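**Q** Just dropping this structure here.
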Amino acid sequence: MKRTFAVSLFLLVSVFLANKLYAQDKKLIPLTRYPAKIKDTSTSVQKDTAEQKDFNDVLQSIFTKNYKPAKIDTIGRKPIITFVPAVGYSLQTEAAATLTGNIVFRSSPDSKISAITTSMGYTQRRQFTLPIVSNIWTADNNYLFVGDTRFYIYPQSTYGLGSNSDIEDKQHMRYNLLRVSEVVLKRISGNFFLGAGYRLDDHWNITNKEPEEGGISDYQLYGTSSRSVSSGVSLNALYDSRDISVNASKGFYGAIQYYNYVKGLGSSSNWQSIVIDLRKYYKLPASSDNVIAFWSYDWLVLGGKPPYLDLPSTSWDTYSTTGRGYIQSRFRGAQMLYLESEYRFKITSNGLIGGVAFLNGESFSAAPGTKLESIQPGFGPGLRIKLSKASKTNLDIDYGFGNQGSRGLFLTVGEVF
């Protein structure tokens, strides 16, 4: 896989224009990415924000005379709307141009921050993406409504099934995707939530080219189709004791999402899956701000035969961060087991610059009913640039390495997990 580079112009411009990036500004806001406590941790600050700096402070000090860093969260009932053009380059898209924006507000003065985020983009690979993600809290914080709607025109390669697949077995595909997902969560007690929802993944205009090396591909053996639909209901459970969800330094996070897709709701087939997402954070050393974090992400087909494009796959988790070191869709199969550890440390005492070192491993089975195959490792270093000291939101710049020469640069806003 060829070496790729990234341009973060969007992130620099958006920080300057929007003045502050909040935790909710992440490209995709997953079900699991909000604080569980009544206290609004998104407004938490360092012990002394005057001694801390973020990238906005750097830019404003250059372009604004007598600039004084803001220390408080100014989001209220009146929506704050920001739209910013962007350019970039990534392992998955190559060159890309996007128009990214968000609307943030509070339903009441004491409610958590609600956000609606979108990012329309067109890439060198002729991919068009339009996700609209919503994260809406009620005035009493007892209910959270999480929406995820996407429309993609998406040329993308597949590499076969299982984690023993070879990078040379690349097969070009193209499809359109419409996703509609909505979940309602209710606080049961303290940090514990229960909820339910509906999800639709509709792929159509699916086309594929013959394998570059000839022969019959895993996709052809699995069963080709010009359209596939997964439509069903979900049951959701969540426990979250992290101090700050976007950049936790302590606490535990656990989420279980069960999906049941049925023909009666329009699915191409009946099938069931479960996602188990567990995370734990420790300060190391205990007296420092450095953190060691552990992540387990298991995505398992429990029964039935899912459409090929809905099988568990690398970097197709909700916020597209599994498998640093590999391109999206590099591995695919009926069962996915994933483990990752990351050590996060300060480089500058004012918090502006930090670093990480990460190590992950993923194992996939092939078609339903087959065994897990070899573990594929990913590892690498990363740089952190503080975008907002109020919400502790970082720009993540990671360079990941994997097997068979796989490598590339990965950009994220907010910690990877």
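Please treat every number below as a calculation from the coordinates, not as lab data. Remember, it's a predicted structure, so these values are computed and weren't measured experimentally. Every residue, glycine as well, gets a Cβ built from its backbone with ideal geometry; the counts of neighbours run over all protein chains shown.
**Q** Once phi is turned into θ = phi - 60°, what whole-Hz ³J(HN,Hα) does the Karplus curve with 6.51, -1.76 and 1.60 give for every residue of the stretch 282-287, x standing for Gly and Pro?
**A** 9, 7, 8, x, 4, 8
**Q** As an exercise, identify the trypsin sites (Lys or Arg not before Pro) in the stretch 343-407 lying in DSSP coil whose Cβ has no more than 13 other Cβ atoms within 10 Å.
**A** Sites meeting the loop and neighbour criteria: Lys371.
**Q** Also: Considering the dipole of the stretch 304-390 built from charges on the beta carbon (Lys and Arg +1, Asp and Glu -1) around the Cα centre, which of Gly380, Gly354, Ala334 is farthest to its positive end?
**A** Working it through, the farthest residue towards the positive pole turns out to be Gly354.
**Q** Taking amide H atoms as placed 1.01 Å from N in the peptide plane, list the residues 5 or more away in sequence, or in a different chain, whose amide H sits under 5 Å from that of Gly402.
**A** Answer set, sorted by chain and number: Arg407.
**Q** Would you mind checking the stretch 261-279 for residues with the amide N under 20 Å from a putative spin-label position 7 Å along Cα→C-beta of Thr149?
**A** Hits in the stretch 261-279 for Thr149 at 20 Å: 266.
**Q** Suppose R0 equals 30 Å; then what is the FRET efficiency for Lys371 and Tyr343 from their Cβ-Cβ distance, rounded to the nearest 0.05?
**A** Efficiency at R0 = 30 Å is approximately 0.40.
**Q** Okay, next question. Please report, in debye to the nearest 20, how large the charge dipole of the stretch 285-417 is about its Cα centre when each Lys and Arg carries +1 at its beta carbon and each Asp and Glu carries -1 there.
**A** Charge dipole of the stretch 285-417: 260 debye, to the nearest 20.
**Q** Can you tell me the length gained on complete extension of the stretch Thr207 to Gln404, counting 0.36 nm per residue apart and subtracting the Cα distance?
**A** Length gained, Thr207 through Gln404: 68.2 nm.
**Q** Let me ask something additional. Output the direction-averaged projected area (hull surface divided by four) of the convex hull of the alpha-carbon atoms of the stretch 304-417, in nm².
**A** 7.6
**Q** How much length is gained on full extension from Ala237 to Leu359, taking 0.36 nm per residue of separation minus their Cα-Cα distance?
**A** 41.2 nm
**Q** Let me ask something additional. Starting from the 7 Å offset along Cα-to-Cβ, what nm value, one decimal, do you get for the label separation of Lys283 and Thr138?
**A** Result: 3.6 nm between the two label points.
**Q** Taking all pairs of distinct Cα atoms, average 1/r, flip it, and tell me the Kirkwood hydrodynamic radius of the stretch 202-360 in Å to one decimal place.
**A** Kirkwood radius, the stretch 202-360: 18.2 Å.
**Q** If you stretched the chain out fully between Lys186 and Arg77, how much longer would it get, using 0.36 nm times the residue separation minus the C-alpha to C-alpha distance?
**A** 37.0 nm
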